[in-house]
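Notes follow once the structure below has been shown.
Any read-out appearing in this document is the output of simple, stated calculations on the displayed coordinates, not a laboratory observation. What you are looking at is a predicted structure, and each value in this text was computed from that prediction instead of being measured. In this analysis, Cβ positions are derived from the backbone assuming ideal geometry, glycine residues included, and neighbour counts consider all displayed protein chains.
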Amino acid sequence: MAVGRISGPLLKDNLLRNGVNLAFETNLLYLDVNNSRIGIKTSSPAYDLDVNGTTRTTNLTATTQANLATFTISGNNIASSSNTINFFPSGAGNTIYNARALIGNLQLTGNTISTTNSNGAINITANGTGGINLGNSSGSVLVTVTGDLHATGNITADGNITLGDNLTQDTVSFSAEINSDIIPKIDNTYNLGSSLLTWSTVYTNSVTVTTVSTTNFTATGTVSVSNATVLSGNTTIGATSSNTLTVTARINSNLIPSANNTYNLGSSLGPLYWNNAYISTINTAGMQITSNSITATGTNSNLQLSANGTGTVYIPTSNLSVTNNVSIGGTLTVTGTSTLAGVGITGTLTQTGNFTQSSGNFSTTGTINSGAINSTGTLTLPNVTIANSTITGTTTATNLILTPYAGQQVEITSNATLNGNATVGGTLTVTGTSTLAGVGITGNVTQTGTFNQTGNFTTSGTLYVSGNLTANSAFTVGNVQISGNTVTTTDTNGNLNLTANGVGSVNVQNLSINNNVIGSINTNANIVLTPQGTGNVVINNTQSFIVPVGTTGQQPASPTNGMIRYNTTNNRYEGYANGYWTNLGGVQSLDGRTYITPESSPGANNNVISFYANNVNTAYINSSGLYTTDFKTANIDITGNTISTYTANTDMNLVPNGTGSIVIGNLAFNNNSVTNRVSQAVTVLAASGDGYYKFGGTYGVGIPFGNGNTDRPGNIYAETGMIRLNTDSLSVEVFNGAAWSSVVGNAGGITNIQATDIALGIVLSLG
């Protein structure tokens, strides 16, 4: 402490140490005199200047070479002993900037990527199955290709595609086959071809169109028309007799032949007849058929029903009523019931319908061929008599057998009563309800329908039910009763026990119950407790409810909204919602100084959300909006009524979405255009005080132009000082408040031709 300065003897000969090293605080600053090295925080410097720690300097200059970790900087070269050089800029911008970058034969300048080698290609190759994505901040991509575009693989375009920008010059060629549907964006809007350019031939399996307008139409396959179709001119359907026409729709017009009494419906060749014709009225040359009436249309003409050859005029099922005389020149055949009075038959009588014999006997020695036989008495047949509703066998020791046609059944349509025993040699199938009393069954009974038991059912063996067992009332087994959808015990205060065998579980659908554990049978399946209606899931316990517990790494791989668990990693309750696990204890830092409150004070109920950082209220939100004194984004600072960037020399970018514009007041900014959105409104640039308007650049300023008649504003619309280019006089003119005049004055200007003539005259005169 007594040494205030270094005395003269110590400064002698530039502090020569004679081979003795000098240390300050052992290794804080170490001077290696023998090796001419200086160490900072090291007593064994390996370099001329060896710093064991962090070195900070404003400027670091290395005249030859600098080594930093694995990097070597020599001249304008940066090399690394590592296989990889990584650039990780920090900060919100995360930007590595240079005006131009050269990587191999690839050059990056501004927003342009080019090659430095002549005719060199640019290859963009993803790794493995990775793709190449082109995008921008607005979500829309505009890729412009000025040359040819060639793709050897598949091309998939999810958005809109525009091919060509000139209808008469640009063409599209398809060398490949199309492997998908071609569907228009809007229904009934776009055309294939035009009235001036038509497709030569369309090959298709089927065609479904709304309107067809064609000169010639030939289809070798199926033509399907779903909407209204108008065929003008002569139409021929089919070329040969093998072609067919199928009409599924209903015909909404008259079918009129082009020539009278010339064309047929159907054909005698084949022959080919129509199956059924459903027609209200049929008019022929001499007859009309309407409803159930056939009328001759000729005056006093007969209505003639004529069969062909040996055929007959046949009325199969209805009665024939004739109010006038009937003259029968041939045989009268009656197949149904005939009631005749005073009939004399001299020829053969053929009876094919009912024959009623009310009195007397009817005897025949031959065979009776008949339809229905109605008998009021007993009908006696060989070995069988039929009396009233009883059929009796008349031959001793002979069974009465009812045998249907092959493959058919004997059907009893009403109730059947068996007073004796019934023996079923095959299968007894009962499709309805069966009522049995005192039934003894020694074999197997298969019940496929409904089995109604009104009395007691007793079995000494095991009852196996492979189908459904339905009881109309309560079903009791031991002390267990099943009634409706309820299973109860019949003993007072008795438990209902569902007990598995051994280590087995009681399974209820997809749930497994084993002792006090309820689990799921299906792997990774949920267990859902769902109350009825407005009911709640209640855990009636005074102790606690344990939620799932685990680390952050043990969180569910596929979480769903509403999940709650306790995280042992950060010791907090957390819930999952909308893709994130969030703290259930409120938004608050661990030290409690940064937090969010839903109201200004507990119980205030003022609907104000306040944000505190280090116990300072920095912002709040109410029903009107967000309020804060200073709002910052990545590079935007909003303070008071000022919006600024807080990075030096950084642009302020206002970017609309898609084709939208930036609107300030009534002005819309879109790319390089400024538009007044109010129709016919004046756009005013107002300078303040002595300020003036200045346009930069070297090219010039474009002013409005047009002819001197219809394009020029009338005097009532023009304002003093308006300036424009008159394309008729090729002169710039200005409105002086009363009229339009040239900017060169009242004398007017000269044209380009006049100026050329004057210049030539001057040159010639001056030599």
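Data table
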{"quantity": "Order of Trp199, Trp740 under a 10 Å beta carbon neighbour criterion, fewest first", "calculated": "Trp199, Trp740"}
{"quantity": "Residue-span extension gain [Thr376 to Leu320] - 0.36 nm each, minus C-alpha spacing", "calculated": "17.5 nm"}
{"quantity": "Residue order, fewest to most beta carbons within 10 Å, for Thr198, Thr458", "calculated": "Thr458, Thr198"}
{"quantity": "By average C-beta atoms within 10 angstrom, highest first, the peptides 116-124, 179-187", "calculated": "116-124, 179-187"}
{"quantity": "Set of aspartates and glutamates with alpha-carbon distance to Lys41 below 18 Å, sequence-local pairs under 8 removed", "calculated": "Glu25, Asp32, Asp50"}
{"quantity": "The stretch 594-669 and the stretch 385-408: distance between their alpha carbon centers, rounded to Å", "calculated": "103"}
{"quantity": "Set of aspartates and glutamates with alpha-carbon distance to Lys632 below 16 Å, sequence-local pairs under 8 removed", "calculated": "Asp651"}
{"quantity": "Separation in nanometres of the label points that stand 7 Å from Cα toward Cβ, at Ile386 and Ser241", "calculated": "5.1"}
{"quantity": "Rounded tilt (10° steps) of 752-766 against the dominant C-alpha axis of the chain", "calculated": "30"}
{"quantity": "Neighbour-count ranking [beta-carbon atoms within 10 angstrom, fewest first] of Ile609, Ile103", "calculated": "Ile103, Ile609"}
{"quantity": "Ellipsoid equivalent to the chain - semi-axes via the Cα gyration tensor, in Å", "calculated": "100, 63, 31"}
{"quantity": "Separation in nanometres of the label points that stand 7 Å from Cα toward Cβ, at Ile401 and Val209", "calculated": "7.1"}
{"quantity": "Relative packing of 163-176, 510-523, which averages over residues the other C-beta atoms within 10 Å, highest first", "calculated": "510-523, 163-176"}
{"quantity": "The stretch 79-122 shape via C-alpha gyration tensor axes, a/c threshold 1.5", "calculated": "oblate"}
{"quantity": "Full-stretch length increase - Asn216, Asn707 - with 0.36 nm per residue and alpha-carbon distance subtracted", "calculated": "171.4 nm"}
{"quantity": "Distance-filtered residues of the stretch 147-178 - backbone nitrogen under 14 Å, label point 7 angstrom along Leu192 Cα→Cβ", "calculated": "178"}
{"quantity": "Order by protection proxy (mean Cβ within 10 Å, highest first), peptides 489-495, 257-263", "calculated": "489-495, 257-263"}
{"quantity": "Largest-first ellipsoid semi-axes for the stretch 704-767, taking √(5λ) over the Cα gyration tensor eigenvalues, angstrom", "calculated": "31, 12, 7"}
{"quantity": "Paramagnetic label zone (point 7 Å from Cα along Cα-to-C-beta, Ile482; backbone N under 20 Å) in the stretch 504-533", "calculated": "505-513"}
{"quantity": "Full-stretch length increase - Val684, Thr534 - with 0.36 nm per residue and alpha-carbon distance subtracted", "calculated": "47.4 nm"}
{"quantity": "Thr720/Ser742 FRET efficiency (R0 22 Å; Cβ-Cβ; nearest 0.05)", "calculated": "0.90"}
{"quantity": "With at most 10 neighbouring Cβ atoms within 10 Å, loop GluC sites (Glu not before Pro) (DSSP) excluded, longest segment of the chain", "calculated": "412-718"}
{"quantity": "Estimated inter-spin distance, Thr290 and Tyr464, nm [label 7 Å along Cα→Cβ]", "calculated": "7.5"}
{"quantity": "Dipole of the chain, positive direction: furthest Cα of Asn383, Thr55, Thr395, with charges on the beta-carbon", "calculated": "Thr395"}
{"quantity": "The chain: calculated mean residue ellipticity at 222 nm from DSSP helix runs of at least 4, using -39500 (n - 2.57)", "calculated": "-500 deg cm²/dmol"}
